[in-house]
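For reference, the structure is listed below as structure tokens.
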Amino acid sequence: MEAEYRQDLCKRTMIVTREGGEKQSFKEKMVIKNSIRGLAKLNIRHLNGESCYSFDMGSCQTLKNVFEGNPISRKELKALFSGILKVSEEIGKYLLDVHDLMMEPEHIFWDLERGEPVFCYYPENPEGEEGYLALGQFLIDAADKKDDETVKAAYDYFDRISEGILLPGDILKGREIREEHGESPERTPPAGTEEIKRPPENTNPVFEGETNSLSLSKIWRDDENYYLGDSAPEKKTEENRGKLIVFLSFIPAVIASGIYAYVFLNPSVMRVLSLSDRDYIRGGIAVIVVSGLFITLGIYIWNKRKKEEEDRIKDMDSLNSDIRQEEFRFDPLEEKILKKSETDGVEDSDATVLLSDYSGNGRIKRIPLLSGRIGGEEREYRIERTPYMIGKMRNKADAVLPDPKVSRIHACIREEEGHYYLSDLNSTNGTAVNERALKGSETAELFDGDTLRFADVTLTFRLA
């Protein structure tokens, strides 16, 4: 389903057109004549065999624009799920179908001021469940990877959609209840133990796609040791447990030996039990065999636990460098360097470059820059990743432009096969490249030296 975004003076709209329709249907009348909470205002025009649906965006941005370059937090995911549940309840009061909601990320609006979604109702939506599937996949990709609960909730919702259940239900309910009662959703670590925070995975684009087999586990530390697992270990060490097992294995041997000695020192007991000298010898052999078995078993269990602990320490060694680096504020992106060889044609063979700046074809990757004067001050923005968001909203924009005429999320720069493209994100005061305004969803390729204008802010695009 294709949508067109228009800017008329200060009014921003999303327009969807389809063939057919000469008069308003029951669903269209219900949406237009009733102010339904959670839905964007809709205007419908039927002309020349076509139906034109115009959704008022107000000051909102699309969900895709807001979170494509920024991870969605658990709070924001909770707001989205809550919005889906509330709007489904509201439209149900008017006998409207949840399948008609436009659930693609580019068709859901996000109110930046309130931090909540606004939905578009498209009567007789032909996409139906496909829009929900697109949303589920988007949430998996956009979920904050540092928060296991957010990632799990995104996957759970995608699974529900795949099973034909379109509403998120109570996916986050369990965690909310624990938080309301002041309880931690995670197991509380024992006294003297703390969780080690690791650097984000795959922070270096050169190694993108590599994963760590231990990445789903947490790392814990006490005064002396590191531990790997989903919860912190008890303070008792494996060595003490092993000693306890060996000690307990000696108890049956001591008891059997004591009984045997008691019988030997009391001939009257032997007469009462009708034991001959041969029986006594057999009993001694049995005591020795049983005692040996218990002792051997205890030593075996101890050695087995000790070996498991050693294996776990070996696994931890593969992560020790990351742990230490994080503790000393080590930045792997800055410290991993690659020496250029003489075959590169560089006179200074000792010169080094960042791995993040080194491309796979043996050439230095050119990092683009935006530079210019804003409010009398020279500013420079380094585009190290894409999509690169431009606007004045500090927690969402990569390049924060402190100008009141710049929209909170104004424009976006994307990279495709080494080429950079600029697109306007339905901003209020527009975006221009070399003084040519971008219209609607138009995308312009950027070249070294291009002049970019965001409202009244002018910056120069450079390939450093």
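The values are calculated or read from the model by the stated rules, or taken from the named source; none is laboratory data. Everything numeric here is computed off the predicted structure, so don't read it as measured data. Neighbour counts are summed over all protein chains in view; Cβ atoms, including those assigned to glycine, are modelled from backbone coordinates with ideal geometry. When the accessible area is computed, the model is the full protein with side chains, heavy atoms only, and any ligands, DNA or RNA have been set aside. Shrake-Rupley method; radii C 1.70, N 1.55, O 1.52, S 1.80 Å.
Take segment 59-84 and flag every residue that is assigned to a helix (DSSP H, G or I) and either open to solvent by 60 Å² or more (accessible area, probe 1.4 Å) or among the basic types (Lys, Arg) (or both). Before you say what the answer is, go through the steps one by one.
Step one: list which residues in segment 59-84 are assigned to a helix (DSSP H, G or I), which gives 63-67, 74-84.
Residues satisfying the conditions are Lys64, Arg74, Lys75, Lys78.
Looking at this structure, is Glu76 at pLDDT below 85, under 30 Å from Met393 (Cα atoms) and within 31 Å of the chain's Cα centre (by Cα)? Steps first, please.
Details: at pLDDT below 85: no; under 30 Å from Met393 (Cα atoms): yes; within 31 Å of the chain's Cα centre (by Cα): yes.
So Glu76 fails the test.
Looking only at segment 121-133, how many residues end up being open to solvent by 40 Å² or more (accessible area, probe 1.4 Å) and either part of a helix (DSSP H, G or I) or modelled with pLDDT of 95 or more (or both)? Write out each step before concluding.
Kept after step one, since they are open to solvent by 40 Å² or more (accessible area, probe 1.4 Å), are these residues of segment 121-133: 124, 126-127, 129-130, 133.
Applying the additional criterion that residues be either part of a helix (DSSP H, G or I) or modelled with pLDDT of 95 or more (or both) yields 129-130, 133.
The total comes to 3.
Filter segment 448-464 for residues that are surrounded by fewer than 18 Cβ atoms within 10 Å (Cβ to Cβ) and part of a loop (DSSP other than H, G, I, E, B) and give the result.
Asp448, Gly449, Asp450, Asp456, Ala464
Please determine whether any residue of segment 83-90 is under 20 Å from the mean Cα position of the chain (by Cα) and of a type outside the set (Phe, Trp, Tyr). I'd like the intermediate steps shown before the answer.
Step one: filter segment 83-90 for residues under 20 Å from the mean Cα position of the chain (by Cα), giving none.
No; the residues of segment 83-90 include none that is under 20 Å from the mean Cα position of the chain (by Cα) and of a type outside the set (Phe, Trp, Tyr).
So which of Tyr421, Tyr381 ends up being in contact (Cβ under 8 Å) with a residue 60 or more places away in the chain and either outside any loop (DSSP other than H, G, I, E, B) or within 17 Å of Ala455 (Cβ to Cβ) (or both)? Steps first, please.
Working: Tyr421 fails: in contact (Cβ under 8 Å) with a residue 60 or more places away in the chain.
Of the residues listed, the single one that is in contact (Cβ under 8 Å) with a residue 60 or more places away in the chain and either outside any loop (DSSP other than H, G, I, E, B) or within 17 Å of Ala455 (Cβ to Cβ) (or both) is Tyr381.
Identify all residues within segment 384-418 that are open to solvent by 60 Å² or more (accessible area, probe 1.4 Å) and either in contact with a Cys (Cβ under 6 Å, 6 or more places away or on another chain) or part of a loop (DSSP other than H, G, I, E, B) (or both); write none if there are none. Steps first, answer last, please.
Residues of segment 384-418 that are open to solvent by 60 Å² or more (accessible area, probe 1.4 Å), as a first pass: 384-385, 392, 394-395, 402, 404-405, 414-417.
Within segment 384-418, Glu384, Arg385, Lys392, Arg394, Asn395, Pro402, Pro404, Lys405, Glu417 qualify.
Considering only residues of segment 146-169 that are among the hydroxyl-bearing types (Ser, Thr, Tyr) and surrounded by 21 or more Cβ atoms within 10 Å (Cβ to Cβ), which is nearest to Ile91 (Cα to Cα)?
First pass over segment 146-169, keeping only residues among the hydroxyl-bearing types (Ser, Thr, Tyr): 150, 155, 157, 162.
Right, trim to surrounded by 21 or more Cβ atoms within 10 Å (Cβ to Cβ) and you get 150, 157.
Details: Thr150: 27, Tyr157: 21 Å.
Checking each candidate, the answer is Tyr157.
Could you please give the count of residues in segment 15-58 that are assigned to a strand (DSSP E or B), under 30 Å from Asp144 (Cα atoms) and open to solvent by 30 Å² or more (accessible area, probe 1.4 Å)?
The number of residues fulfilling the criteria is 1.
Within segment 430-447, is even one residue assigned to a loop (DSSP other than H, G, I, E, B), within 24 Å of Asp8 (Cα to Cα), open to solvent by 70 Å² or more (accessible area, probe 1.4 Å) and modelled with pLDDT of 90 or more? Spell out how you get there, then give the answer.
Taking segment 430-447 as the starting set, the residues that turn out to be assigned to a loop (DSSP other than H, G, I, E, B) are 430, 434-435, 438-442, 447.
Pick out the ones that are also within 24 Å of Asp8 (Cα to Cα) and you get 430, 434-435, 438-442.
This time we only want the ones that are open to solvent by 70 Å² or more (accessible area, probe 1.4 Å), so: 434-435, 439, 441.
Checking the rest, the ones that are also modelled with pLDDT of 90 or more come to 434-435.
Looking through segment 430-447, at least one residue is assigned to a loop (DSSP other than H, G, I, E, B), within 24 Å of Asp8 (Cα to Cα), open to solvent by 70 Å² or more (accessible area, probe 1.4 Å) and modelled with pLDDT of 90 or more.
Residues of segment 104-155 being among the small types (Gly, Ala, Ser) and closer than 21 Å to Lys75 by Cβ, which ones?
Of all residues in segment 104-155, those among the small types (Gly, Ala, Ser) come to 115, 128, 131, 134, 136, 142-143, 153-154.
Across segment 104-155, the qualifying residues are Gly115, Gly136, Ala142, Ala143, Ala153, Ala154.
Could you tell me which residue of segment 1-14 is nearest to Tyr121 (Cα to Cα), considering only residues that are open to solvent by 70 Å² or more (accessible area, probe 1.4 Å) and part of a loop (DSSP other than H, G, I, E, B)?
Going through segment 1-14, the residues open to solvent by 70 Å² or more (accessible area, probe 1.4 Å) turn out to be 2, 4, 6, 8-11.
Next, from what is left, pick out any that are part of a loop (DSSP other than H, G, I, E, B): 2, 9-10.
Numbers: Glu2: 15, Leu9: 24, Cys10: 23 Å.
Among those residues, the one meeting the criterion is Glu2.
Take the conditions over 19 Å from the mean Cα position of the chain (by Cα), under 28 Å from Gly440 (Cα atoms) and not polar (S, T, N, Q) and apply them to Glu104. Does it pass? Give the steps one after another, and end with the answer.
Working: over 19 Å from the mean Cα position of the chain (by Cα): yes; under 28 Å from Gly440 (Cα atoms): yes; not polar (S, T, N, Q): yes.
Spelling it out, Glu104 is indeed over 19 Å from the mean Cα position of the chain (by Cα), under 28 Å from Gly440 (Cα atoms) and not polar (S, T, N, Q).
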